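As C-alpha cells, the structure follows; a few thoughts come after it.
The values are calculated or read from the model by the stated rules, or taken from the named source; none is laboratory data. Because the structure is a prediction, the values reported are computed rather than measured. As a convention, Cβ positions derive from the backbone with ideal geometry for all residues, glycine included, and neighbour counts pool all protein chains shown.
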Amino acid sequence: MRRRPAVYGLDIETDTTENGLDPRVAAVVTVALAGPGFEEVFTGREEALLADLDERIGQLEPGVIATWNGAAFDLPFLADRAALHELPIGLRLRHDRAITMRRAPLPGHRGAYRASWFEHGHLDAYRLYRGDVGPALRISCSLKSIARFVGLAPIEVDRTRIHDLSNEALHAYAASDARLARILTERRWGTASRFIDRVGPDEADVPVAPRRGAHAIPA
C-alpha cells in the first residue's frame, strides 16, 4: 500500500504598514511551517528569513506543501521577494489560466500558479474546499470560516494591522494558519491527493532569482 506523503502547512504574513498585499512594496515578515510533529516560525531580516525557509524546506522529507490560497498569494509573493533579493530558492511556479480567480491577481501577476518546491508538490487547500461552499452553507471560504465550520479554533487578529502585533502574537497567528492548512488538507486527503501540483524545473515560468544587476520583479 502506498504511503501517504507528509503534509507541511505553510503560511506567510506581510508588512501591513504600507500595502501588505503588494509584493513590490511589502516585505514578508513571518513564515510559518507546520509539519508532522513540529511547527516552526521564520522571522527577522527578510533575505535571511527566505534563505532559512528555503534551506529548511530542502531538508524535509519530500511531501506536499499545503497553503490556503497560496497559488494566488503566498507562493508568488515569496517568489517576488526572493527575486528582489536575487536569492535563488527551490520554488517553481507555472502560471495556469485554468485556475479561476474571484479577486484581482497579485500585483505584477496574471493569475494563479501551479507549484513545486524542491521535491515537494503543492496543494492549495482553498481550492480544495471552495467547491463545497455554496449559498446553502452561508459561509465564506476563508481559512478561519472553514476551520470554525469543522470545529477547529483558529487564532484571529486584524490582518490589516499585522505590524501592531507583538512578536509572540504574530508567531502564534502565523503558526495557527499553517497548522490549519495542514489539518484541513489531511482531513480531505482522499480528494486532496488529486489536487497536488507538480512543476518540473523546465516547466517554471516565474523565475525566483534574476541575473545579477537585474532588480525587476517578474510579471
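Structure notes:
- Given (1) part of a loop (DSSP other than H, G, I, E, B); (2) buried (at least 16 other Cβ atoms within 10 Å of the Cβ); (3) without any contact (Cβ under 8 Å) to a residue 60 or more places away in the chain, number of the condition residue 132 does not satisfy: (2)
- The condition of being basic (Lys, Arg), modelled with pLDDT under 90 and either within 27 Å of residue 41 (Cβ to Cβ) or not in a loop (DSSP other than H, G, I, E, B) (or both) holds for only one of 148, 194, 212, that being 148.
- Looking only at the range 1-13, and only at residues there that are at pLDDT below 95 and of a type outside the set (A, V, I, L, M), the one that is nearest to the chain's Cα centre (by Cα): 13
- The residue that is modelled with the highest pLDDT, among those in the range 105-116 that are within 16 Å of residue 68 (Cβ to Cβ) and assigned to a loop (DSSP other than H, G, I, E, B), is 112.
- Identity of the residue in the range 65-91, small (Gly, Ala, Ser) and in contact with a Ser or Thr (Cβ under 9 Å, 6 or more places away or on another chain), that ends up farthest from residue 124 (Cα to Cα): 90
- Output for the range 47-66, where each listed residue is in contact with a helix residue (DSSP H, G or I) (Cβ under 7 Å, 6 or more places away or on another chain) and within 17 Å of residue 29 (Cβ to Cβ): 50
- Filter pass, residue 151 being surrounded by 15 or more Cβ atoms within 10 Å (Cβ to Cβ) and not charged (D, E, K, R): no
- Qualifying residue in the range 119-134 (condition: small (Gly, Ala, Ser), at pLDDT below 95 and in contact with an Asp or Glu (Cβ under 9 Å, 6 or more places away or on another chain)): no
- Restricting the range 197-209 to residues that are of a type in the set (Asp, Glu) and out of contact with any His (no Cβ under 7 Å at 6 or more places or on another chain), the residue that is modelled with the highest pLDDT is 203.
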